[in-house]
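The values are calculated or read from the model by the stated rules, or taken from the named source; none is laboratory data. These numbers were taken from a predicted model, which means no experiment stands behind them. All Cβ positions, glycine included, derive from the backbone under ideal geometry; neighbour counts span all protein chains shown. Note: areas computed on protein heavy atoms with side chains; ligands, DNA, RNA excluded. Shrake-Rupley method; radii C 1.70, N 1.55, O 1.52, S 1.80 Å.
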Amino acid sequence: SLFNGERVPKDNIRVTAYGTLDECNSTLGVACSILSQEARSPSRSNNKIDQLELLLHQLNYIQHRFFDLGAHLATPRVRSDESSVDKTRFQMEASSQLEEWIDDLQASLPPLTTFILPGGHPAAAHLHLARTTARRAERISTALIEEEELDEAAYIFLNRVSDYFFAAARYANHIFDIEDVTWHKLS
């Protein structure tokens, strides 16, 4: 059922949207576990540990915002009481934070000259998986914004978080001195 108590089928678009978001959050959990383990490695330099802790801090923030977004998705804007809608309103500042982090991560990376394939370090590969899962959640949620059932701030966050995951995956590979896997067209 939804947060307003309304019973809906398992294949309801809202349930599918927040279920996909939960799937993305679980993938982030795997990436965070890998990164945490790497940060505890006694052979890591302090600089690498700082970089890993920065990435973990950002990913943890996103995991919490995914719970906020899941509550937002589970609360029909039109059919819920005003108090529930207000409690689950998604804040635009979360998207602004993502934009800042994307810029910071990209500034520390070499510019892209070609497409890259998902891969590299296992944490980076999981961040690429989170990126594609977030894109699926965004596609599913498109219908909700068309029905005015999703706040613009929530939709913008959902759109920008996949770009963040792309930058974070590249940054993870950078931390571990692994080059991005570049795409080569079949001649």
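Details
- Bins of 10 Å, starting at 0 and running to the largest distance - Cα pair percent for segment 105-187: 18, 41, 26, 14, 2
- Label-point gap, in nm, between F176 and R40 - each point 7 angstrom along Cα→Cβ: 1.7 nm
- Contact order, relative form, for the chain: 31 percent (alpha carbon pairs under 8 Å, 6 or more residues apart, mean separation divided by residue count).
- For the chain, alpha-carbon Rg relative to the globular expectation (2.2 N^0.38 Å, N residues): 1.11
- Solvent exposure of segment 1-136, expressed per residue, is 54 Å² of accessible area, with all protein chains present and a 1.4 angstrom probe.
- Note on K87: aspartates and glutamates with a C-alpha under 14 Å away, same-chain residues under 8 apart excluded, are D68, D151.
- Between Q106 and F67, full extension at 0.36 nm per residue minus the direct alpha carbon distance yields a gain of 11.4 nm.
- Heavy-atom surface analysis with a 1.4 Å probe gives segment 18-113 a carbon and sulfur content of 49 percent of its accessible area.
- Between R7 and E82, the modelled labels are 3.0 nm apart [label points 7 Å from Cα along Cα→Cβ].
- For segment 21-118: Kirkwood Rh in Å [reciprocal of mean 1/r, alpha carbons]: 16.0 Å
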